[in-house]
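Here's the structure, in structure tokens; my notes come after.
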Amino acid sequence: MGHGGGGALSAELTRHLFLPAYGGETLAGLADSASVTLGGARLAFSTDSYVVRPLFFPGGSIGDLAVNGTVNDLAMSGAVPAYLSCAFILEEGTELSTVGRVAQALGAAARAADVTVVTGDTKVVDSGHGDGVYLNTAGIGLIPESVDIRPQRARPGDVVIVSGPIGQHGIAILSVREGLTFGTDVVSDTAPLAGLVQAMLAATPEIHVLRDPTRGGLAAALGEIATASDTGVVLDEGAVPVPDAVATACALLGLDPMYVANEGRLVAFVPRTHADAVLAAMRAHPQGGGAVVIGECVAEHPGMVVARTGLGGTRIVDPPLGEQLPRIC
């Protein structure tokens, strides 16, 4: 299960098995979406699969994730998402009413994200060999000519910004799956981020890196960026926004919010000279109202993320090995 968690085991599987098998410079970039040129147009292309359990949870469903997850992967390259494919893998015996609810949620999410599902597929597996409904979506979008956003572009001096509070999606899934309560309802943050990204690019096209911290959370996303760019990252741990309910849940369960999945947040690396303009644009958008600066990119300790603690010390934020909470997306 750890190989699907978005951490070190996932990276090992990708680098040592899939990359040698497939080859190609574009794939080797390991971005959230591939940037390719076709007929003179710059396209972002991405695919993702969804195996979340349960299918419905506070704030969303597998249908919402299947749209928002792929839309957000496209948006992390600065693209304007346009079209999706969708494949349903159904377990024999799954109620058609359940499949219908998922399909309706997916369609509503696509309309909200201003994308169109244009092709799809359906497969059915034997009872006991699936878990109700699995989904796969792929998407394409157009990348503006002036935009070059990729993890390798992080530079010392860049300001690190997160678009809002972290950890809500993973804790929302856990609360339903395990029947836990934490004094208040925790709702998934699943949301499309393409509009927020376009607002940021309107403030300046000089955004170096965007990443949505899904599996493995903020820690995994920052670690991947530090490794890809051969730079270090220094965080102000106290500046990282963690809702009280998420902090309480993590304290009770022995989890670190930095490693808990998000489905409607992004982290941005922006030149310091443009940080104020980008931050203002983010805070003016519904999906970025909680945006804050949480750290900076540095030349020291390349490939490593370090957090300054509230006690005045520092700690290394290691990449996760596997997944604290399996099957959260």
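Among the residues of the range 17-72, those identified as free of Cβ contacts under 8 Å to residues at least 40 places away in the same chain and not aliphatic (A, V, I, L, M) are PHE18, PRO20, TYR22, GLY23, GLY24, GLU25, THR26, THR37, GLY39, GLY40. Looking at THR314, is it within 13 Å of GLN168 (Cα to Cα) and out of contact with any helix residue (DSSP H, G or I) (no Cβ under 8 Å at 6 or more places or on another chain)? So THR314 does not fit the description; no. What number goes with the only condition from (1) touching a Ser or Thr at 6+ places or on another chain (Cβ under 9 Å); (2) open to solvent by 70 Å² or more (accessible area, probe 1.4 Å); (3) not aliphatic (A, V, I, L, M) that ARG15 does not pass? Condition not satisfied by ARG15: (1). Of the residues making up the range 225-234, those that are hydroxyl-bearing (Ser, Thr, Tyr) and in a helix (DSSP H, G or I) number 2. Restricting the range 182-198 to residues that are assigned to a loop (DSSP other than H, G, I, E, B) and of a type outside the set (Val, Ile, Thr), which is most open to solvent (accessible area, probe 1.4 Å)? Here the residue is ASP185. Residues that are β-branched (Val, Ile, Thr) and over 16 Å from LEU106 (Cα atoms) within the range 35-73 comprise VAL36, THR37, listed in sequence order. Cβ-Cβ contacts under 6 Å between residues 6 or more apart (or on different chains), taken from a first residue in the range 204-220 that is of a type in the set (Gly, Ala, Ser) to a second residue that is not in a loop (DSSP other than H, G, I, E, B), are listed as GLY217/MET258; GLY217/TYR259; ALA219/MET258; ALA219/TYR259. When LEU201 is tested against the conditions (1) assigned to a helix (DSSP H, G or I); (2) at pLDDT below 95; (3) aliphatic (A, V, I, L, M), the lone failure is (2).
If you go through the range 145-180 and keep only what is of a type outside the set (A, V, I, L, M), more than 18 Å from the chain's Cα centre (by Cα), modelled with pLDDT of 95 or more and open to solvent by less than 50 Å² (accessible area, probe 1.4 Å), you end up with ARG153, GLY157, ASP158.
In the range 87-104, the residue that is nearest to GLY195 (Cα to Cα) out of those that are outside any helix (DSSP H, G or I), open to solvent by less than 80 Å² (accessible area, probe 1.4 Å) and out of contact with any helix residue (DSSP H, G or I) (no Cβ under 9 Å at 6 or more places or on another chain) is ALA87.
Which one of THR70, THR47 is open to solvent by 10 Å² or more (accessible area, probe 1.4 Å), over 20 Å from VAL124 (Cβ atoms) and among the β-branched types (Val, Ile, Thr)? Full working, then the answer.
On the way: THR70 fails: open to solvent by 10 Å² or more (accessible area, probe 1.4 Å).
So the residue among THR70, THR47 that is open to solvent by 10 Å² or more (accessible area, probe 1.4 Å), over 20 Å from VAL124 (Cβ atoms) and among the β-branched types (Val, Ile, Thr) is THR47.
GLY107 meets the conditions (1) open to solvent by 10 Å² or more (accessible area, probe 1.4 Å); (2) modelled with pLDDT of 95 or more; (3) closer than 18 Å to GLY78 by Cβ in every case but one. The failed one is (3).
Return yes when ASP64 is of a type in the set (D, E, K, R), open to solvent by less than 50 Å² (accessible area, probe 1.4 Å), closer than 30 Å to PHE182 by Cα and outside any loop (DSSP other than H, G, I, E, B) and no when it is not.
Yes: the conditions hold for ASP64.
Pairs linking a residue in the range 268-279 that is among the charged types (D, E, K, R) to a residue that is open to solvent by 10 Å² or more (accessible area, probe 1.4 Å), with Cβ atoms under 6 Å and 6 or more positions apart or on different chains, are ARG272/GLY157.
Of the residues making up the range 124-143, those that are of a type outside the set (Gly, Ala, Ser), modelled with pLDDT of 95 or more and more than 16 Å from THR47 (Cβ to Cβ) number 6.
For the range 244-253, the count of residues that are under 22 Å from GLY59 (Cβ atoms), buried (at least 18 other Cβ atoms within 10 Å of the Cβ) and under 16 Å from the mean Cα position of the chain (by Cα) is zero.
The values are calculated or read from the model by the stated rules, or taken from the named source; none is laboratory data. The structure displayed is predicted, hence computed values, not measured ones. Methodologically, a virtual Cβ is constructed for each residue, glycine included, from the backbone with ideal geometry; neighbour enumeration extends over all protein chains shown. Surface accessibility is based on the protein's heavy atoms, side chains included, excluding ligands, DNA and RNA. Shrake-Rupley method; radii C 1.70, N 1.55, O 1.52, S 1.80 Å.
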